[in-house]
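Step one of this worksheet: look at the structure below.
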Amino acid sequence: MTQVNPAENDGLPEDIERLPEDIEPSLEEAAEDGGLGAAQARIAELEKKVAEIKDQALRALADADNTRKRSERDRQDTAKFAVSSFARDLLSVADNLRRALAAISPEAREMNADLKTIFTGVEMTERELLSIFERNNIKKVEPMGQKFDPNLHEVLFEADVPNAAPGVVIQVIEPGYTLHERLLRPARVGVAKGGETGSGGNVDQEV
């Protein structure tokens, strides 16, 4: 066996040949316990936080989008129905024009040229007013002969009418109106007896 001269070891320990065997397990243990394991745990923690932040960001974006859409709907509703009160006031003008026309019979018009002229003028005024209503999405509700609808009609009386189905509108006392499909004023009607009726008229009360 070859003898090693201690002077030639330059001060290194005699078991130097066993160092690789001792160091390798120590490095693996350090990587697992103190290095790699901690890094993996930290990465997992950061990934969890990133996922939480991403979820919060998506929720915030969804809330912001819902708020934007709600604000847009509110803005559109405000623009559509801002004239509700004014439009409702104009309905009485339309009613009066219609009453004036109904008060002049065809016979009276034929016998009196002045009445005929007045009738024609009032009729043109009514037609123009209704045209303005249409352009502004105010539509007339004329339910004569239709089944009573509590969402659009208000019953003023019931009567026995031969050959009329129960609950059918037999007379329109006052026409109703809608604004952008929302009820502005219910049609006030008389109906045939026997149908299901109520106060009706879910009138828009916005101003």
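The values are calculated or read from the model by the stated rules, or taken from the named source; none is laboratory data. Because the structure is a prediction, the values reported are computed rather than measured. When we count neighbours, we look across all protein chains shown, and the Cβ atoms used for this are built from the backbone with ideal geometry, even at glycine.
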**Prompt:** What are the pairs, 6+ residues apart or on separate chains, where a residue within the range 154-172 that is free of Cβ contacts under 8 Å to residues at least 60 places away in the same chain has its Cβ under 6 Å from a residue that is in a loop (DSSP other than H, G, I, E, B) and of a type in the set (A, V, I, L, M)?
**Reply:** Val169/Met144; Ile170/Val161; Ile170/Ala164; Val172/Met144
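Among what's in the range 97-112 and is of a type outside the set (Lys, Arg) and surrounded by 12 or more Cβ atoms within 10 Å (Cβ to Cβ), pick the residue that is farthest from the chain's Cα centre (by Cα).
So the first thing to find is which residues in the range 97-112 are of a type outside the set (Lys, Arg), and the list is 97, 100-108, 110-112.
This time we only want the ones that are surrounded by 12 or more Cβ atoms within 10 Å (Cβ to Cβ), so: 97, 100-101, 104, 108, 112.
On the way: Leu97: 37, Ala100: 41, Leu101: 41, Ile104: 47, Ala108: 52, Asn112: 55 Å.
Filtering first and then ranking leaves Asn112.
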**Item:** Filtered residues of the range 78-93 (kept if surrounded by 11 or more Cβ atoms within 10 Å (Cβ to Cβ) and either closer than 14 Å to Asn136 by Cα or in contact (Cβ under 8 Å) with a residue 60 or more places away in the chain (or both))
**Value:** Lys80, Phe81, Ala82, Val83, Ser84, Ser85, Ala87, Arg88, Leu90, Leu91
**Message:** I need every pair where a residue in the range 126-141 that is within 22 Å of His153 (Cβ to Cβ) has its Cβ under 8 Å from the Cβ of a residue that is among the polar types (S, T, N, Q) and in a strand (DSSP E or B), sequence separation at least 6 or different chains.
**Reply:** Ile138/Thr178; Lys139/Thr178; Val141/Thr178
**Item:** Boolean, Leu61 is within 29 Å of Glu128 (Cα to Cα) and assigned to a helix (DSSP H, G or I)
**Value:** no
**Item:** Filter result for the condition that a residue is at pLDDT below 80, small (Gly, Ala, Ser) and outside the structural domain of Glu181 (by TED's automatic domain parsing), over Ala51, Ala44, Ala60, Ala30
**Value:** Ala30
